[in-house]
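J.: Next up is a structure, given as structure tokens.
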Amino acid sequence: MSKDYYKILGVPKKADQKEIKQAYRKLARKHHPDVNPGNAEAEAKFKEISEAYQVLSDPENRKKYDRFGSGFEHGVPGSGGMDAGGFGDIFEQIFQNFGTDDPFQQVHQPAPAQDVEQEIEITLEEIDKGVKRTFSYQVPDACTKCHGLGQVQIMSGGFSPCPNCRGKGAIPSVRKVEVKIPAGIQDGKKLRVPGRGVQGSDGSLGDLYVVVKTVPNKDFKRIGDDLETEVEIPYTTAALGGKVRVPTLRTSGTISIPEGTQPGQRFRLKGRGLTKMSSGRGDLYAKVKITVPKKLSSMERQLLKEITQLTEVKL
């Protein structure tokens, strides 16, 4: 006996594909097994409307149905009717056609937990000693009531906005964490804090990754575990040599400047750089910047002229 697929879906024979799809979706939501667990009548109805939709949603099958009725299936390769084995394949095909906008497909694929990243800025001094930081951030946790869909089923079989998340599918949540930043950590390094990310619709939690960002320092440039700083010395010290004080992150140090030191020359202060994550400390490099006075006393001017004369004689 031929089945009236149009009557099953409740649409006229002249219905277009959009009307057929809308009718199927409405009936599928009402009779879906997930909504009616253990209800054999609803399951049978769902199979029937699924069968009708499979035929009427396909232009070629619809033409054959309109001409021969539901018995045309036996002449279509691979149709196989609607036995229990074929039902699963048809069910999968139907929801693939809908894509991710179908609520029941999304229920079967709940909103997953997600990892989040938060950037934190720390100074070289904090990197050198290590530091603890407490900070807050906001994440969009998936609503566990509507499984992140934004809507829930009501008694009439339809859907309404979820009262828990107000139809948004997610609920803003504030996290507050304390993070221990180890001494010597590298710029851009990520620290994992388990279970402090976005909550999925099943209640599981992603992780938080704290990304370390080094605040620029006006006195020191970081090069791995080493530091570089610029030291100004008078042109006379560069020429004659002498002792120069060099700032470090913790105190200060002294270097010996040999005669004839040139601009840009670097001097190493061993173990005066940053604390290493493994052990020990890096080095500090003092880069020489030679300064020249803008004004000279009369005696300085006279002495420089004499030096110039001596240099010219040597040349």
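The values are calculated or read from the model by the stated rules, or taken from the named source; none is laboratory data. Keep in mind that what you see is a predicted model, and the values were worked out from it rather than measured. In this analysis, Cβ positions are derived from the backbone assuming ideal geometry, glycine residues included, and neighbour counts consider all displayed protein chains.
J.: So which helices (runs of 4 or more DSSP H) are wholly in the stretch 47-132 and hold at least 1 residues that are outside the structural domain of residue 147 (by TED's automatic domain parsing), of a type in the set (Lys, Arg) and at pLDDT 85 or above?
T.: The helices (runs of 4 or more DSSP H) meeting that bar are 59-68.
J.: Any residue at all in the stretch 154-170 that is surrounded by fewer than 11 Cβ atoms within 10 Å (Cβ to Cβ) and touching a Pro at 6+ places or on another chain (Cβ under 7 Å)?
T.: The answer is no, given that none of the residues of the stretch 154-170 is surrounded by fewer than 11 Cβ atoms within 10 Å (Cβ to Cβ) and touching a Pro at 6+ places or on another chain (Cβ under 7 Å).
J.: Give the number of residues within the stretch 198-212 that are assigned to a loop (DSSP other than H, G, I, E, B) and under 14 Å from the mean Cα position of the chain (by Cα).
T.: Count: 2.
J.: I've got another one for you. Could you tell me whether residue 149 is farther than 19 Å from residue 121 by Cβ and modelled with pLDDT under 85?
T.: Details: farther than 19 Å from residue 121 by Cβ: yes; modelled with pLDDT under 85: yes.
So residue 149 passes the test.
J.: Please work out if residue 178 is in contact with a Leu (Cβ under 9 Å, 6 or more places away or on another chain), under 19 Å from residue 206 (Cα atoms) and assigned to a strand (DSSP E or B).
T.: Spelling it out, it is not the case that residue 178 is in contact with a Leu (Cβ under 9 Å, 6 or more places away or on another chain), under 19 Å from residue 206 (Cα atoms) and assigned to a strand (DSSP E or B).
J.: Quick one: in the stretch 138-154, which of the residues that are touching a residue at least 40 places away in the same chain (Cβ under 8 Å) and within 21 Å of the chain's Cα centre (by Cα) is nearest to residue 211 (Cα to Cα)?
T.: 139
J.: Is there any pair linking a residue in the stretch 113-132 that is at positive phi to one that is hydroxyl-bearing (Ser, Thr, Tyr), with Cβ under 9 Å and at least six apart or on different chains, and which?
T.: Close Cβ pairs satisfying both conditions: 130/275.
J.: For the stretch 283-299, how many residues meet the condition of being surrounded by 10 or more Cβ atoms within 10 Å (Cβ to Cβ) and either over 21 Å from residue 244 (Cβ atoms) or at pLDDT below 85 (or both)? Walk me through it before giving the result.
T.: Looking only at the stretch 283-299, we keep the residues that are surrounded by 10 or more Cβ atoms within 10 Å (Cβ to Cβ), and these are 283-291, 293, 296.
If we keep only those that are either over 21 Å from residue 244 (Cβ atoms) or at pLDDT below 85 (or both) too, we end up with 296.
The qualifying residues number 1.
J.: Tell me which of these residue 202 doesn't satisfy, since it passes every other one: (1) farther than 30 Å from residue 146 by Cβ; (2) in the same structural domain as residue 146 (by TED's automatic domain parsing); (3) touching a Pro at 6+ places or on another chain (Cβ under 7 Å); (4) not β-branched (Val, Ile, Thr).
T.: All conditions are met except number (1).
J.: How about the stretch 260-296: which of its residues are part of a loop (DSSP other than H, G, I, E, B), over 30 Å from residue 181 (Cβ atoms) and out of contact with any helix residue (DSSP H, G or I) (no Cβ under 6 Å at 6 or more places or on another chain)?
T.: 260, 262, 263, 264, 265, 293, 294, 295, 296 - these are the residues of the stretch 260-296 that are part of a loop (DSSP other than H, G, I, E, B), over 30 Å from residue 181 (Cβ atoms) and out of contact with any helix residue (DSSP H, G or I) (no Cβ under 6 Å at 6 or more places or on another chain).
J.: Additional query: How many residues does the stretch 162-183 contain that are in contact with a strand residue (DSSP E or B) (Cβ under 6 Å, 6 or more places away or on another chain) and more than 29 Å from residue 120 (Cβ to Cβ)?
T.: Matching residues across the stretch 162-183 total 3.
J.: Determine which member of the set 184, 195 is within 30 Å of residue 273 (Cβ to Cβ), part of a loop (DSSP other than H, G, I, E, B) and not β-branched (Val, Ile, Thr). Talk me through it step by step, then tell me what you get.
T.: Working: 195 fails: within 30 Å of residue 273 (Cβ to Cβ).
Just a single option satisfies the conditions, and that option is 184.
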